[in-house]
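Here is the structure we will look at.
The values are calculated or read from the model by the stated rules, or taken from the named source; none is laboratory data. Every value quoted in this text rests on a predicted model; they were computed, and no experiment measured them. Backbone-built Cβ (ideal geometry, glycine too); neighbour counts: all protein chains shown. Quick note on the areas: whole protein, heavy atoms, side chains included, nothing else; ligands and nucleic acids left out. Shrake-Rupley method; radii C 1.70, N 1.55, O 1.52, S 1.80 Å.
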Amino acid sequence: QLQASGGGLVQAGGSLRLSCAASGRTSSKYHMAWFRQAPGKEREFVSGVSWTGGSTRYADSVKGRFTISRDNAKNTVYLQMNSLKPEDTAVYYCAVRLGIISRWELGHVYDYWGHGTLVTVSS
């Protein structure tokens, strides 16, 4: 089970940190990712982190502004979002991939999804 939190309303230029806690598993050997879906748009990949935390991926639109990290002791992944823009407004979802992953941006390769958390960035 995945529980995302940390969303809210922030002004452009501000920051938020999203968290996604995984429960029900004794092992943390799974890759985690964040996706988002803006109103009227398709879901899109935002960022991903390998189970060791040693490998990360970012969408071009968030590179340099967002940072993904994880704490395996807490089975939690974080998404630090800085310099937020109105176009970052979306519902953000975390996802888990249990096996090997190569195409991080493909939503259908993920095994579990959490409920979303809404991020609204005002101009």
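Things worth noting here:
- Additional length obtainable on full extension of the chain from residue 80 to residue 120, 0.36 nm per residue less Cα span: 12.9 nm
- Listed residues 73, 94, 14: farthest to the positive end of the dipole of the chain (Cβ charges): 73
- Panel values: the chain, Kirkwood radius from alpha carbon pairs, Stokes-Einstein at 25 °C and 0.890 mPa s, translational diffusion coefficient 173 µm²/s.
- Gain on full extension, evaluated as 0.36 nm per residue between residue 71 and residue 5 minus their Cα-Cα distance, stands at 22.2 nm.
- Here the chain has 47 percent of its accessible surface on carbon and sulfur atoms, given a 1.4 Å probe and all protein chains in place.
- In this simple spin-label model, placing a label point 7 Å from the Cα along the Cα-to-Cβ direction at both residue 113 and residue 61 gives a separation of 1.7 nm.
- Of 103, 17, 57, the one that fluctuates the most in a GNM where the chain has Cα springs shorter than 10 Å: 103
- Estimated FRET transfer efficiency when R0 is 25 angstrom, pair residue 15-residue 41 (beta carbons, to 0.05): 0.65
- In the elastic network of the chain, a GNM with C-alpha springs shorter than 10 Å, the most mobile of 12, 73, 33 is 73.
- Solvent-accessible heavy-atom area per residue, rounded to whole Å², over region 65-123 at 1.4 Å: 49 Å²
- Approximate spin-label separation residue 103-residue 29, in nm, with each point projected 7 Å along Cα-to-Cβ: 2.5 nm
- Net charge dipole, the chain: roughly 240 debye, given to the nearest 20, about the Cα centre with Cβ charges of +1 for Lys and Arg and -1 for Asp and Glu.
- Charge dipole of region 23-62 about the Cα centre (unit charges at C-beta), most positive-ward option of 27, 45, 58: 27
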